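Below is one structure, written out as structure tokens, with a few remarks after it.
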Amino acid sequence: MLNMSIAEIKNHLRKFRVGIAGAGGLGSNCAAALTRSGVGTLVISDFDVVEETNLNRQFYFTDQVGMLKTMALKENLFRIDDSVSVVTYQDKLHKSNISRIFSGCDVVVEAFDKPEMKEMLIETLQAEMPGTPLVIGSGVAGGGNNEAIRCRKIDDTLYICGDEISEVTENMLPMAPRVEIVANMQANVVIEILMQKK
């Protein structure tokens, strides 16, 4: 990859399809980084709307409050690169629709808040889409402690980005710097995986 120009990297990445499960802090910022990098198709699923409280860490703007996150994010991604293909679903993800929504994706990014949703996505993808790499975000709450944030490869299809400890609570809220570091780390892992594909 170091011997390739930006144009060559974008031409390579244009061939691929990346799924993003959740369009909150991790998902929206990861989608922006992947779009800037040149990934050709993003498949984004989220049923929520943009709220004012999201604006401190998610890739949305004040005039988008009340919009479906998928629609607002699609609009924002087109402002980065209007050639990106963005496929959106406003479905709540569950075991029965995950493989249908993310069918054909070369990599899937997990961007949920709730641990049980993360677990369900991992189990479903591994059972129904074996071999599809999944990049998880875990441990993004609070601020500082940069040295604890890392990427860990579990096996050939599972990667975890974050500190794996800092869960969101009333006293430990997600803040933009840490959320965006982990979201960009997830995007970086996706790019690394895709650059090794033909």
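Readers should treat all values here as calculations from the given coordinates under stated rules, not as data from a laboratory. As the structure is a prediction and not an experimental result, all values here were calculated from the model. Cβ placement follows ideal geometry from the backbone for every residue including glycine, while neighbour counts extend to all protein chains displayed.
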ask   = Which of the aspartates and glutamates could a cross-linker span from Lys74 if the Cα-Cα distance has to be under 19 Å and same-chain partners fewer than 8 positions apart are dropped?
value = Asp46, Asp48, Glu51, Glu52, Asp63, Asp82, Asp91, Glu110, Glu180
key: Cα-based reach from Lys114 at 17 Å (exclusive), listing lysines while leaving out same-chain residues under 8 positions away   = Lys92, Lys95
request  = Kindly provide the helix-only [θ] at 222 nm of the chain, computed as the sum of -39,500 (n - 2.57) over DSSP H runs of four or more divided by all residues, to the nearest 500 deg cm²/dmol?
outcome  = -11000 deg cm²/dmol
ask   = Where a ≥ b ≥ c are the square roots of the eigenvalues of the C-alpha gyration tensor, would you call the chain rounded, which needs a/c under 1.5, or, failing that, prolate if a/b is larger than b/c, or oblate?
value = rounded
key: Cross-link reach list, lysines versus Lys198, counting only Cα pairs under 23 Å and skipping chain neighbours closer than eight places   = Lys10, Lys15, Lys153
task = Report ³J(HN,Hα) in whole Hz for each residue of region 185-192, in order, from the Karplus equation J = 6.51 cos²θ - 1.76 cosθ + 1.60 where θ = phi - 60°; Gly and Pro get x.
result = 5, 4, 4, 5, 5, 4, 4, 4
ask   = At a Förster distance of 35 Å, what's the computed FRET efficiency of Glu147 paired with Lys92, Cβ-Cβ distance as r, to 0.05?
value = 0.45
